[in-house]
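Structure record follows, encoded as structure tokens.
Rule-based calculations on the coordinates, nothing more; no lab input. Here the structure is a predicted model, which means the values were calculated and not measured. All Cβ positions, even for glycine, are placed from backbone atoms using ideal geometry, and neighbour counts span all protein chains on display.
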Amino acid sequence: MAHEIEFDTETGKSRMFAVEGIPVWHGLGQRLKTPPKDVDELLEVAGLDWNVEVMPIYRKRADGSYEELPDTACTVRPMDDRYLGSGGVDFHVVQNRTLAEIAFAMSKESLIQTAGSLRDGAHVWIMLKYPTEWTILGQKHEANLFLSNGHNWTRSLTIGGTDTDIVCANTLAIAESSRGLLRFAHTKNLGDRLKIALETIQTMGAQFDNYYKQVESIAKIRLGAKDRLAYFKAVAEERDGSDARKALFEKQLEERWTNGRGQEARGQTLYRAWSAVTDAIDHHVRPSYVESESLKRREARFVDATFGGGATLKRAALNLALDYAGASNN
């Protein structure tokens, strides 16, 4: 399996950075003492100072000549002639610089925390710290804004929110599926970047408030051993894989209930059970497709927990907890 985080062979560095003191990125990428001060610095330290072009695709005729295909195109990174993907001809590239400009338009009250490139440049992201914090059962949570963009036909420009529990460094995307996310298709003009940024700040503020009210509601629910095991079983059923893999995941959740960082302070609550799920996915469960080598394992866990099946499962676990809380209050 290739490295998920792109590696620059010329510089010998990963195309990713994280500011010191951010614990959630599994030790990956370059470390900065302070956030980048402008767009140029962000692009340089993240290894994102390159462009993408849409190129035509040709087929070879029987006589040896070439014909341009009218309904398909591909994206290429001219810097190293890297092929990124193919699809319809109406694809509009959102350059890394554009993404960084949107991030800095939103960061007047926020700070750039991390950015990087995945899968040979096909997927890039930037994360900002949101200027608000919450406390649940005495434990601090930080809110972040997450910008994600694809340089092929598989991912739109997306802006959403994430929550980080500072005690255990667990993360969760606050938006469920496509609801609550701002998505900008590559086939449309993005318009005024500052307007997009301001719209995002306003939308995310309401989303964060609603999300933390949800977490506070499950922190009020006491959970007995029988109900806890039933909750873990329901979460495991949401995970892909064999029955044996799901059973192992249940055992891992029970272990994180007991031994996870900060768990004692959460008491015998539904919030503690849900925290066991996010802790397991972010830091302990190995994605099924990963090889055994250490760096690849950490990269795969980061990608899975942030963008993939792990992120989906964490949100499903919260929804199950909210359903249980709703039933308990009726």
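Given the peptides 267-278, 64-75, 43-54, 8-19, arrange them by the average over their residues of other C-beta atoms within 10 Å, most packed first.
267-278, 43-54, 8-19, 64-75
Could you name the lysines in cross-link range of Lys195, using Cα to Cα under 18 Å and dropping any fewer than eight places away on the same chain?
Lys195 reaches Lys108.
Taking the Cα-to-Cβ direction at Ala225 and at Asn319 and moving 7 Å from each Cα, how far apart do the two end points lie in nm?
Result: 3.2 nm between the two label points.
Can you list the trypsin sites (Lys or Arg not before Pro) in the range 104-164 that are in a DSSP coil and have 16 or fewer other beta carbons within 10 angstrom?
In loop regions of the range 104-164 (DSSP not H, G, I, E or B), the sparsely surrounded trypsin sites (Lys or Arg not before Pro) are Lys108.
Going by Cα centres, the range 216-237 and the range 51-79 are how many Å apart?
54
Along the range 53-63, what does the Karplus equation 6.51 cos²θ - 1.76 cosθ + 1.60 (θ = phi - 60°) give for ³J(HN,Hα), rounded to whole Hz, x for Gly and Pro?
10, 8, 10, x, 10, 10, 10, 8, 6, 4, 7
Work out, step by step, the length gained on full extension between Met79 and Asn259: first 0.36 nm times the residue separation, then minus their alpha carbon distance; give nm to one decimal.
60.1 nm
Using θ = phi - 60° and the Karplus form 6.51 cos²θ - 1.76 cosθ + 1.60, what ³J(HN,Hα) does each residue of the range 119-126 get, whole Hz, x for Gly and Pro?
Once θ is set to phi - 60°, the couplings for the range 119-126 become 6, 6, x, 6, 9, 10, 8, 9 Hz.
Pairs Lys140/Lys233; Lys220/Lys314; Lys13/Lys37; Lys13/Lys33: which are spaced more than 24 Å apart, C-alpha to C-alpha?
Long pairs (Cα-Cα over 24 Å): Lys140/Lys233.
Can you list the HN-Hα couplings for the range 75-81, worked out from phi with the Karplus curve (6.51, -1.76, 1.60; θ = phi - 60°), rounded to whole Hz and with x for Gly and Pro?
9, 9, 9, x, 3, 9, 6
Give, in nm to one decimal, the length gained when the segment between Lys195 and Arg286 is fully stretched (0.36 nm per residue of separation minus the Cα-Cα distance).
Length gained between Lys195 and Arg286: 28.7 nm.
List the GluC sites (Glu not before Pro) within the range 84-138 that DSSP assigns to loop and that have no more than 15 neighbouring Cβ atoms inside 10 Å.
Glu109
Can you tell me the length gained on complete extension of the stretch Leu182 to Arg61, counting 0.36 nm per residue apart and subtracting the Cα distance?
39.2 nm
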